[in-house]
Amino acid sequence: MKRTSEESQSRLPDNSALKQQQLPAYRLQLTATGVLSGFFATGVFCLGVGIILILSAKSIKEIEIKYTKICGNCAKLREDATNFDKECTCSIPFYLSETMQGNVYMYYKLYGFYQNLYRYILSRSNSQLLGTDLKDVGSCAPFSKSHDGTPIAPCGAIANSIFNDTIILSYNLNSSIPIEVPMLRSGITWWTDKYVKFQNPRSKNLSTAFAGTTKPPSWVKPVYELDKEDPENNGFLNDDFIVWMRAAAFPTFKKLYRRLNRIQYFTEGLPAGLAYTVTGAVTWLASFSMMAIHLMLKDRKMFFIQQ
């Protein structure tokens, strides 16, 4: 009996703070005042930002021109995937009832295009877009390699489905001859995308840098010929390409296409303003609800039974 007792005691852990789980610990205890203050502060911030964005968006004049039905012959031509390289043109006349002051921006808008699908978003190669490894196409299925095994650059479903309509804005001024409006294609991307997330391979000749790769199946020309007029706007650094590669969260979305002047303010202020305003209102509602519950339970005594 004595021997068994000694053996059981020898297997006990040492009488130290670590092994006996007696180390000092800190437990975060949030008071009702602290929680309610945080909710109220968040609500004030969201409401303030939302109201500012809504007011700024109200001053923006927007003209939406739908050309899906007007250019129906082009849409019908594109129904056959083999016609992806055939050109189709159409003209849409419109009239401006008043002068548009300040900056002017041109967007394209798509309906029912789900860029937020999980497999669609993952079908890209960030290392390839950084110009570090053009042959890293393992995550680009089903647009990773061509039928002969050549790596696609840029690879992936996002790049393959790029918006490739060419929109030209022109006007008639006391003449039947249309005059093209010079729209700028630069400065339409996020700074982090242009200078951090996208880079061309290091090479003096861009076509040589992309040697050993092929264009996506639905592209008419390779990535290094997207803009022959501006070498700085070519390859993975092409502004239109970068804008398209930032996937939209909703099936109906707008993307910046061209501009007349430098962007000075958030032109998409109305949807974002509504989101901030709703978030702020819901936060305040939750704050008042929690405050009411806290006041009702404040005077109640809590009893604990310890066994």
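Brief remarks on what is shown
- Modelled spin labels at Ser176 and Leu55, positioned 7 Å past Cα toward Cβ, are 5.1 nm from each other.
- Placing a label point 7 Å from the Cα of Lys135 along the Cα-to-Cβ direction, the residues of region 195-221 whose backbone N falls under 14 Å from that point are 210-214.
- In region 143-245, the convex hull through the Cα atoms has an average projected area of 8.0 nm², a quarter of its surface area.
- Rounded to 10°, Cα long-axis angle of helix 269-298 versus longest principal axis of the chain: 20
- Reduced Cα scattering model of region 30-91, Debye log10 I(q)/I(0), q = 0.17, 0.28 Å⁻¹: -0.74, -1.10
- The computed Cα Rg over 2.2 N^0.38 Å for the structure shown corresponds, within [x] 0.94; [y] 1.55; [z] 1.10, to [y].
- With the simple model of a label 7 Å out from the Cα in the direction of the Cβ, Met296 to Leu117 spans 4.8 nm.
- Centre separation in Å (Cα based) which lies between region 20-76 and region 155-224: 31
- Close amide H pairs (under 5 Å, H built 1.01 Å from N) link Tyr257 with Met106, Tyr107, Tyr108, residues at least 5 positions away or on another chain.
- For region 53-129, alpha-carbon Rg over 2.2 N^0.38 Å: 1.58
- With R₀ fixed at 25 Å, the C-beta to C-beta distance from His147 to Thr208 puts the FRET efficiency at about 0.55.
- P(r) weight above 15 Å for region 109-166, C-alpha pairs, percent: 50
- Using the Cβ-Cβ distance between Leu77 and Ala281 with R0 = 41 Å, the FRET efficiency computed as 1/(1 + (r/R0)^6) comes to roughly 0.30.
- Angle between the chain longest axis and helix 32-58 axis [Cα atoms, degrees, rounded to 10]: 10
- Overall form of region 6-156 per C-alpha gyration tensor (a/c, 1.5; a/b vs b/c): oblate
- Arg258, Arg124, Arg78, Arg11, ranked by accessible area, largest first (probe 1.4 Å): Arg11, Arg78, Arg124, Arg258
The values are calculated or read from the model by the stated rules, or taken from the named source; none is laboratory data. Being a predicted model, the structure only gives us computed values, none of them experimental. In this analysis, Cβ positions are derived from the backbone assuming ideal geometry, glycine residues included, and neighbour counts consider all displayed protein chains. Just the protein is used for accessible areas: all its heavy atoms, side chains included, with ligands, DNA and RNA removed. Shrake-Rupley method; radii C 1.70, N 1.55, O 1.52, S 1.80 Å.
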